[in-house]
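Since the structure comes first, as structure tokens, the remarks are kept for the end.
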Amino acid sequence: MRVVVRDLSKGEQVLTGEIKPEIVGAESLYRFTKPIKVVAKAQRTGDDLVVKANVDFGFASICSRCAEDVESDIKSEFWLDFEIPVGAEYIEIDDDIRQEILIGLPVKILCSENCQGLCPQCGKNLNQDQCMCKKDQ
Ligand SMILES: [Zn+2]
Ligand SMILES: [Zn+2]
């Protein structure tokens, strides 16, 4: 998505678009399950371009306790600030939005708040079943 600098003199510009998940660059940890939808409101403040971005996306990963698949939907909102280079006709904003999405992804993913995880001794998924291992206190 690009913001046309000339259009900013008319006031706030609203851009909508999609960012292709494969260019976000987090494939090792997360798999995006749908296109990343972006609504960006761009406004000029002095020599700066201020963008308020709303993103909506889904991703799949594995629970860090029990290793089950987890799918999540995330909506988030953030502000971006760009310096407008003298003579610039437009400003590309995709890169910065992509970086914000990466920063905002949770580091630790759980299938549920009270996931019991795997038994450290026998490896059984304790959400599904109790095991016979002795718990050392
Ligand atoms: Zn879990
Ligand atoms: Zn066990």
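State whether one or more residues within the range 70-79 are within 20 Å of Leu15 (Cα to Cα) and in contact with a Ser or Thr (Cβ under 9 Å, 6 or more places away or on another chain).
Kept after step one, since they are within 20 Å of Leu15 (Cα to Cα), are these residues of the range 70-79: 74-79.
Going one step further and asking which of them are in contact with a Ser or Thr (Cβ under 9 Å, 6 or more places away or on another chain), we end up with none.
No, the range 70-79 contains no residue that is within 20 Å of Leu15 (Cα to Cα) and in contact with a Ser or Thr (Cβ under 9 Å, 6 or more places away or on another chain).
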Fill in the blank from the handout: Within the range 101-137, the residues that are away from ligand 1 (no atom under 14 Å from the Cβ) and over 28 Å from the mean Cα position of the chain (by Cα) are Pro120, Gln121, Cys122, Gln130, Cys131, Met132, Cys133, Lys134, Lys135, Asp136, Gln137
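For the range 38-47, which positions are surrounded by fewer than 17 Cβ atoms within 10 Å (Cβ to Cβ) and at pLDDT 95 or above?
In the first step, residues of the range 38-47 are kept if they are surrounded by fewer than 17 Cβ atoms within 10 Å (Cβ to Cβ); the result is 39, 41, 43, 45-47.
Within the range 38-47, Val39, Lys41, Gln43 meet the criteria.
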Practice task
Return the total of residues in the range 62-101 being within 17 Å of Pro35 (Cα to Cα) and surrounded by fewer than 13 Cβ atoms within 10 Å (Cβ to Cβ).
Solution key: 5
Practice task
Take the range 78-114 and flag every residue that is of a type in the set (Ser, Thr, Tyr) and over 30 Å from Gln128 (Cα atoms).
Solution key: Tyr90
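Please verify whether the range 17-26 includes one or more residues that are under 30 Å from Leu126 (Cβ atoms), away from ligand 2 (no atom under 16 Å from the Cβ) and in contact (Cβ under 8 Å) with a residue 24 or more places away in the chain. Break it down stepwise before answering.
Let us first name the residues in the range 17-26 that are under 30 Å from Leu126 (Cβ atoms), namely 26.
Narrowing further to those that are away from ligand 2 (no atom under 16 Å from the Cβ): 26.
Of the ones still in play, those that are also in contact (Cβ under 8 Å) with a residue 24 or more places away in the chain are 26.
Looking for residues that are under 30 Å from Leu126 (Cβ atoms), away from ligand 2 (no atom under 16 Å from the Cβ) and in contact (Cβ under 8 Å) with a residue 24 or more places away in the chain, one finds at least one in the range 17-26, hence yes.
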Handout entry: Counted residues, the range 83-134 - those being charged (D, E, K, R), more than 16 Å from Arg65 (Cβ to Cβ) and within 16 Å of ligand 2 (Cβ to nearest atom)
Key = 1
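The values are calculated or read from the model by the stated rules, or taken from the named source; none is laboratory data. Note that this is a predicted model, so its numbers are computed, not measured. Virtual Cβ from ideal backbone geometry, glycine too; neighbours counted across all protein chains shown.
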